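Worksheet for the structure shown next.
The values are calculated or read from the model by the stated rules, or taken from the named source; none is laboratory data. The structure displayed is predicted, hence computed values, not measured ones. Backbone-built Cβ (ideal geometry, glycine too); neighbour counts: all protein chains shown.
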Amino acid sequence: MSDLLGIRDRVILVTGASSGLGRHFAEMLARRGAKVVAVARRTERLDELAHTLAGTSFLALSADVTDAAAMTRVLDQAEAAVGTIEVLVNNAGITLPGPVAELPREDWRRVIDTNLNAAWMIAQEVARRLIAAKKPGSIVNIASIAGIRTMGLVSPYVASKAGLIALTKNMAVELAPHGIRVNAIAPGLFDSELGNNYARRNPERRAKMRERIPMGRVGRHDELDAPLLLLASDAGSYMTGSVVVVDGGFSEIGLTA
Ligand SMILES: NC(=O)c1ccc[n+]([C@@H]2O[C@H](COP(=O)([O-])OP(=O)(O)OC[C@H]3O[C@@H](n4cnc5c(N)ncnc54)[C@H](OP(=O)(O)O)[C@@H]3O)[C@@H](O)[C@H]2O)c1
């Protein structure tokens, strides 16, 4: 099993690695022998993770994913240190909740910029470098079931994740001839700063959402390990344009359930 999902020595960039799912992914991949490059803005969090992962191949680079010049520098630095990025985990994301009629335009712009524009820009740059190096690769976009179904009070988040899913499929078709696979994971509810911020602002709504999950609980971070390894490793060699839903059945609730 572990050989089938092997990612040893693979050069993997994880964005949003300072907390939540991204931190978990970076740690899990580094402990499995990948050469991990971790990006986020909070340097002290990345430094703490680097300390935890001493003895693994782990490079922390502080940058804002919405800053194209900074991300180009990150990719240059990563390439010089560990080689061409072979797997991109486009995980950095934010949500700024608010009723659709009241949401500030700046909040809309920030969410779309982070979750969609930055993901597109980094994927484009990683793909460009893989094509130049004539190497195969895998791009895994961390979307959300909010990109598949509606979700109250987070219209820019829903739009960004639906856009990311559409982008995943389109890039998959375009990049397939270059041996670059592009897939998405659509998580349901997982505890993290993003989820907890939403819960603080909308406690009743969050509690109701938890109650409606058919499996009766939120997901554990490690329940995303196998889906991520499947898409990142050669085990998923014939998978591209897929959206792997990991949500305890949440997105399948019928209207009468
Ligand atoms: N938790 C859930 O239930 C859930 C469900 C579905 C999908 N997701 C998706 O999973 C991904 C991770 O979210 P999470 O739940 O783990 O939330 P989180 O704990 O808040 O983590 C978000 C990460 O993104 C980084 N980030 C945000 N803006 C950034 C920017 N401009 N530049 C660089 N890094 C940035 C943050 O780092 P810095 O602040 O240090 O920059 C942080 O490391 C997101 O794409 C989210 O939409 C989460």
Selection within region 179-219 - farther than 23 Å from V89 by Cα, aliphatic (A, V, I, L, M) and modelled with pLDDT of 95 or more: I213, M215
Selection count where residues are over 21 Å from A226 (Cα atoms) and either within 24 Å of the chain's Cα centre (by Cα) or surrounded by 13 or more Cβ atoms within 10 Å (Cβ to Cβ) (or both), scope region 191-211: 14
Within region 52-72, is there a residue that is farther than 13 Å from S18 by Cα, among the acidic types (D, E) and either loosely packed, with under 14 Cβ neighbours inside 10 Å or in contact with a Gly (Cβ under 6 Å, 6 or more places away or on another chain) (or both)? no
For the structure I just gave you, tell me whether R128 is without any contact (Cβ under 8 Å) to a residue 40 or more places away in the chain and surrounded by fewer than 21 Cβ atoms within 10 Å (Cβ to Cβ). yes
Can you say whether T56 is hydroxyl-bearing (S, T, Y) and farther than 25 Å from I165 by Cα, as far as the supplied structure shows? yes
Flag if G179 is free of Cβ contacts under 8 Å to residues at least 60 places away in the same chain, over 30 Å from A30 (Cβ atoms) and more than 15 Å from the chain's Cα centre (by Cα): no
In this structure, is L224 of a type in the set (A, V, I, L, M) and either at pLDDT below 95 or in contact with a His (Cβ under 6 Å, 6 or more places away or on another chain) (or both)? no
Restricting attention to region 98-144, report how many residues are touching a Lys or Arg at 6+ places or on another chain (Cβ under 9 Å), away from the ligand (no atom under 12 Å from the Cβ) and in a helix (DSSP H, G or I). 1
Matching entry among G137, G152 (being more than 16 Å from G20 (Cβ to Cβ), in contact with a helix residue (DSSP H, G or I) (Cβ under 7 Å, 6 or more places away or on another chain) and surrounded by fewer than 17 Cβ atoms within 10 Å (Cβ to Cβ)): G152
Could you please let me know if N170 is farther than 19 Å from L116 by Cβ, within 18 Å of the chain's Cα centre (by Cα) and loosely packed, with under 14 Cβ neighbours inside 10 Å? no
Would it be correct to say that G179 is over 29 Å from A226 (Cβ atoms), small (G, A, S) and either away from the ligand (no atom under 12 Å from the Cβ) or surrounded by fewer than 20 Cβ atoms within 10 Å (Cβ to Cβ) (or both)? no
Test of understanding: among G241, G188, which residue is crowded, with 19+ Cβ neighbours inside 10 Å and in contact (Cβ under 8 Å) with a residue 40 or more places away in the chain? G188
Where a residue in region 141-161 is without any contact (Cβ under 8 Å) to a residue 12 or more places away in the chain and its partner, wherever it lies, is within 11 Å of the ligand (Cβ to nearest atom) and not polar (S, T, N, Q), with Cβ under 6 Å and at least six apart: M151/V158
Check on G20, at positive phi and buried (at least 16 other Cβ atoms within 10 Å of the Cβ): yes
